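Visitor: The structure's right below; bear with me while I get my questions together.
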């Protein structure tokens, strides 16, 4: 089995050089941290991942989490993840000191979590959801609820979940029916069913704190009548102890991948004794949930990129060790007397490696950029600055979630192919990554939903102000690249793609203006593919500017080959990936309406 | 679970209308068959598949074939597949009467096998490999060997395999080292190891007949020193019985998919007592094997298309039954008072369905076309005609193997996505098809190898004569389509793509002429993607001509909607798939050499 799952040099290069973490540390919120202390945090995460996560990835696939007699059983390492991870700051890292946090920038936390995800994608979710649930409580719940729940969650002794999906509603949250009935004691009685609840239960956690969306009796229909509740598996009995809160695990979902990360079907109040505690105001639940959604979507993108990273490292190692076939001679034949070539020497294999590297590192840089926007928003010194970075984050978030998921899956597919028949065999890890990563395009809003968000909401936000702001950021990189001879060509291409984006929007927007939203959004997923390549082209150009300038200045921390390899991958991206935008533009501007249902019977 | 895995109307439409099986039946070889008798054969296959294959697909995944104490255990249905399938003619179908066959056209056999593959892709391989092994014996072995082995194989009582791959050689057959030592008795002693042997053993077959490539002591190096042997698991003892032939199952390979189809590691002659019987002449083994390769590659393409068919039907059924979300109103919002839409009504879902349909039916037509070329070659009335159809088959075979595998995998991926979270869950079949189909791009020569074959060998064959012949066939369809108003636009596009193909070859061929084969073939896989779309565009145009003419003439066997649905899928293909050729052409003609290894250290 491969022994490397992430290139730490590249991760630190992205963190410190490309995204300049140190500049962020000048903000007051982060003043107690410096590069050395955060470097120790990252290194400690890596040691933890090497010891407690990576060695168990195969085992967690082979012995998946399971449900028996109303209980969920998970791998022993879940306890380590939660408790040792909790002690390390995996859960509490980004929170305020006063809430028990460490005020670590999300940018640094993203780098740290990337390592965990790459080491073993079945484990970090338990901590990540606990963090998300704690964040909701910290932001919106009363002090009493905070005091009751948050400390146990940050230490990893109590788990946390998000309970949104219901069987009859799927992605359509306006249709949820879980019911909350007010009582005289101030709490609510909860009754309903939630499905696809990740980390919904396990044999180790003393308690699981569910953050649940439900409808208070008499609330308005649709999304405007949804409230947020804390619904613990065990509720405080008022005497310092816990009593069961009528939350039952009805079943679990066995899955194609990420099998060590349990997915549950939970019943609330089947026996009429399930208490829920309202978080914030009634009927505002969805807006609270969505405030947390950006971080969750960065998390999904990060996880997908990290799985692709592990797959890339495994296929790279194989390609560098496996001899097979021979290089072609000048008459197009092979000389049997030559010794076998390593498969890394075959251009087709090298293409598949560069493809993976371009996706992995491009998306790694993108999730860091999103994290940095998040930090800049949250530490802004003026409302204008706050709005600017919030807008930038909102603009890219659908891509941050989707590109690593979709292109990451494609990258892992190529990694598997490099191993040939072995890639399909259970003894090799590639097939597992291929299965594991497939959930990413579904989690936290499918690719279809992200694409509708991108085209239907983000690009039209504030009459296109968000789009202009983002393009202005991209123009800065294009201008910087335009100053460097070796990068001028790429700068020109990216500039042209921005113009092409405008042209596409010019074709599509009139449909929205005419009220034909169905037509406007019919090809949103193709637009997502297009716009993702533009965004990742930008991240690669940004990396290229940094790498080339470092080579010119001769002041890098790494070898010249390290920087040249980044420039080589930039070249790959613009030669093999960016041209796909031409076809996507063609598709987006075609006149066909074949995907829109006609009046007559559906006949596919 | 879905209850439909193939659209039989479409299958028969392709067989009888698009590919005109009846015309083929006028050939002398097939004179005993007519449409009615072959229709019965197809219907019998469908009944067999409904009863003995489809109900077991999930079980075969959950309880995979396994190896224990030197034995391989497979699902009970393997016995049914071999014996009842054998009785049905699944193995003997295409062979001559004198060899125990039924002289069924491969075109009809392909339609029949498509049904089996779609019903349960874990089973037909046992029969398919037995057929391939029998075919090698029938074509090249002595009458005595034929008499000994073939009848038992055609009845399905004995299995057959192809033993090519060895651990140290992988796809590079020139490096195989399995040794054959002549004896005074005329047979050879075999010793060596073979891996990835599908159907290598099972608890039901009385015997397994391995067709094995080995090197006779002193033979020339490389591919010119490889001979073909029959090496049975149990050899005739000369008294009408069988004795063990020192063939051992060393291990099996557990896999991500197709888990009911055993994959074995076999040892030959570990105890010095393994007899092999030379097939045909010494050192000609690889050329014999390659004569069978076209049929094997049609089989892989057929199987991949069939898995994609089953996935399409399952996702189509889900989309037609699952309510979720609402259609957009004219102000871009959703009206919560409306009832939920079926997801099939959402354009993005409809796009994913049309994508699947375009891939499934386009590749179904392509594997039938290849089978028809095969039949026309084998029943040709002149050497010129034989050469013509052989050339056409050789031209398209890499695409026939690769497009269904790669695009089929992409199609299944979209089918899974339609189910959202359920697509990832083991209770739904999509995730299994997603895993099962992934082997197709590896079997019988990976996509990389097929692509090198296409660009490096087929397109340059006879100074481009093969390419001209194929393009002439395509021009016939373009001209026919040009006569029909509704299809003129597509005809023009396909014509343009032929010119674009010439342009790309004009850019690439000079590298070959200069002896820079590495550069010439570096992007062969991208060329495969490009050329596949041109070919499938052609098959869709061909279907379109038939469907439209039938609508115009009003003489169809099916409803108008049936034909309109074909035209709609043609529209989808030219609106959403064909434009990808523009980018592929751009990539193929770019000046970058980033995938070609430089002199300096490899730095990915």
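What follows draws every value from the coordinates through simple rules; no lab data is involved. What you are looking at is a predicted structure, and each value in this text was computed from that prediction instead of being measured. All Cβ positions, even for glycine, are placed from backbone atoms using ideal geometry, and neighbour counts span all protein chains on display.
Visitor: Could you please point out the chain B residue with its Cβ nearest to the axis of the rotation taking chain B onto chain A, and the distance in whole angstrom?
Guide: Closest Cβ to the B-to-A rotation axis, residue and whole-Å distance: B:583, 2.
Visitor: Hey, with R₀ at 35 Å, roughly what FRET efficiency would residue B:386 and residue B:39 work out to, going by the Cβ-Cβ distance, to 0.05?
Guide: With a Förster radius of 35 Å, E is 0.75.
Visitor: For residue A:3, go 7 angstrom from Cα along the Cα-to-Cβ vector, then report the distances to that same point in the other copies in nm, smallest first.
Guide: 5.7
Visitor: Among DSSP beta bridges whose residues both lie in chain A, state the antiparallel percentage, nearest 5.
Guide: Numbers: 31 of 39 bridges.
Counting only bridges with both partners in chain A, antiparallel ones make up about 80 percent.
Visitor: Output the peptides A:223-230, A:50-57 sorted from most to least packed, where packing is the average of other Cβ atoms within 10 Å over each peptide's residues. The partial results should precede the final answer.
Guide: On the way: A:223-230: 22.4, A:50-57: 19.1.
Listed from highest to lowest mean packing, they are A:223-230, A:50-57.
Visitor: What does the average come to when, for each residue of peptide B:245-255, you count the partner chain Cβ atoms lying within 10 Å of its Cβ?
Guide: Values: counts 0, 0, 0, 0, 0, 0, 1, 1, 6, 5, 6.
Mean inter-chain Cβ contacts per residue within 10 Å come to 2.
Visitor: Now for a different question. Using 0.36 nm times the number of residues separating residue B:168 and residue B:321, minus their current alpha carbon distance, what extension gain do you get? Provide the component values of the computation, followed by the final result.
Guide: Working: separation 153, 0.36 × 153 = 55.08 nm, distance 5.06 nm.
Between residue B:168 and residue B:321, full extension yields an extra 50.0 nm.
Visitor: Right, next: Sorted from largest down, give the three principal axis spans of the alpha carbons of the protein assembly as shown, whole angstrom values.
Guide: 91, 68, 59
Visitor: When you look at the Cβ of every residue in B:576-587, what mean number of other chain Cβ atoms sits within 10 Å? Show your work: numbers first, answer last.
Guide: On the way: counts 9, 2, 4, 9, 6, 2, 8, 11, 4, 3, 8, 7.
Per residue, the number of nearby Cβ atoms from other chains is 6 on average.
Visitor: Can you pull the one-decimal nm distance between simple spin-label points at residue A:3 and residue A:242, each 7 Å off the Cα toward Cβ?
Guide: With each label point 7 Å from Cα toward Cβ, the separation is 4.0 nm.
Visitor: Just to confirm my numbers, what's the Cα centroid distance between the range A:283-309 and the range A:417-439 in Å?
Guide: Here the answer is 26 Å between Cα centres.
Visitor: Also, I was wondering about something else. Counting C-alpha atoms alone, how compact is the range B:446-591: give Rg to one decimal and Dmax as a whole number, in angstrom.
Guide: Using the Cα atoms of the range B:446-591, the pair Rg, Dmax is 17.1, 56 Å.
Visitor: What distance in nm separates the two pseudo spin-label positions at residue B:184 and residue A:463, each 7 Å out from Cα along the beta-carbon direction?
Guide: 10.2
Visitor: Give the relative contact order (percent, whole number) for the range A:446-592; include only Cα pairs under 8 Å separated by 6+ residues. Write out the running numbers ahead of the final one.
Guide: Values: 115 pairs, mean separation 42.1, N = 147.
Worked out over the range A:446-592, it gives 29 percent.
Visitor: Packing-wise, with mean Cβ within 10 Å as the measure, how do A:124-137, B:583-596 rank, highest first? Before the final figure, lay out the partial values.
Guide: Details: A:124-137: 25.7, B:583-596: 18.6.
Per-residue Cβ counts within 10 Å, averaged per peptide and sorted highest first, yield A:124-137, B:583-596.
Visitor: Points 7 angstrom from Cα along the Cβ direction at residue B:284 and residue B:493: gap in nanometres?
Guide: 4.8
Visitor: Using a 10 Å cut-off around each Cβ, can you sort A:268, B:511 from fewest to most neighbouring Cβ atoms?
Guide: B:511, A:268
Visitor: Using only DSSP helix segments of four residues or longer, with each worth -39500 (n - 2.57), what per-residue ellipticity at 222 nm results for chain A after dividing by its residue count and rounding to 500?
Guide: Helix-only estimate at 222 nm: -16500 deg cm²/dmol.
Visitor: Further question: If we count other beta carbons within 10 Å of each Cβ, what is the order of B:509, B:256, B:471, fewest first?
Guide: Details: B:509 15, B:256 22, B:471 18.
Result, fewest neighbours first: B:509, B:471, B:256.
Visitor: Relative contact order of chain B: what whole-number percent is it, with Cα pairs under 8 angstrom and at least 6 residues apart? Walk me through the numbers on the way to the answer.
Guide: Working: 1067 pairs, mean separation 75.9, N = 604.
Here the relative contact order equals 13 percent.
Visitor: OK, next. Normalised by the empirical 2.2 N^0.38 Å for globular proteins, what value does the Cα Rg of chain B take?
Guide: Values: Rg = 24.7 Å, N = 604, 2.2 N^0.38 = 25.1 Å.
After normalising by residue count via 2.2 N^0.38 Å, the value is 0.98.
Visitor: What is the distance in Å between the Cα centres of the range A:129-163 and the range A:54-117?
Guide: 15
Visitor: Still on this structure, I have one more. How big is the C-alpha Rg of the range A:278-389 next to the rule-of-thumb value 2.2 N^0.38 Å, as a ratio?
Guide: Working: Rg = 23.7 Å, N = 112, 2.2 N^0.38 = 13.2 Å.
After normalising by residue count via 2.2 N^0.38 Å, the value is 1.80.
Visitor: May I ask what percent, to the nearest 5, of DSSP beta bridges between residues of the protein assembly as shown are antiparallel?
Guide: Numbers: 64 of 80 bridges.
DSSP beta bridges in the protein assembly as shown are roughly 80 percent antiparallel.
Visitor: Which distances in nm, rounded to one decimal and ordered from shortest, link the label point of residue B:39 to the equivalent label points in the other identical copies, with labels set 7 Å from Cα toward Cβ?
Guide: Label point to label point, same position, other copies: 8.0 nm.
Visitor: Ignore the peptide's own chain and count Cβ atoms of other chains within 10 Å of each Cβ in B:342-349; give me the average, rounded.
Guide: On the way: counts 2, 4, 3, 4, 8, 13, 13, 3.
Counting other chains' Cβ atoms within 10 Å and averaging over B:342-349 gives 6.
Visitor: Then there's this: Please give the helix A:347-378 orientation as an angle from the longest Cα principal axis of chain A, in degrees from 0 to 90, rounded to the nearest 10.
Guide: The helix A:347-378 is inclined about 50 degrees to chain A.
Visitor: Suppose you put the label 7 Å out from Cα in the Cβ direction; list, shortest first and in nm with one decimal, how far residue B:558 is from each other copy's label.
Guide: Here residue B:558 shows inter-copy label distances of 5.4 nm.
Visitor: What does the highest-first list of B:535-543, B:283-291 look like by mean Cβ count within 10 Å? Present the calculation step by step, with values, prior to reporting the outcome.
Guide: Values: B:535-543: 24.8, B:283-291: 18.6.
So the order, starting with the most tightly packed, is B:535-543, B:283-291.
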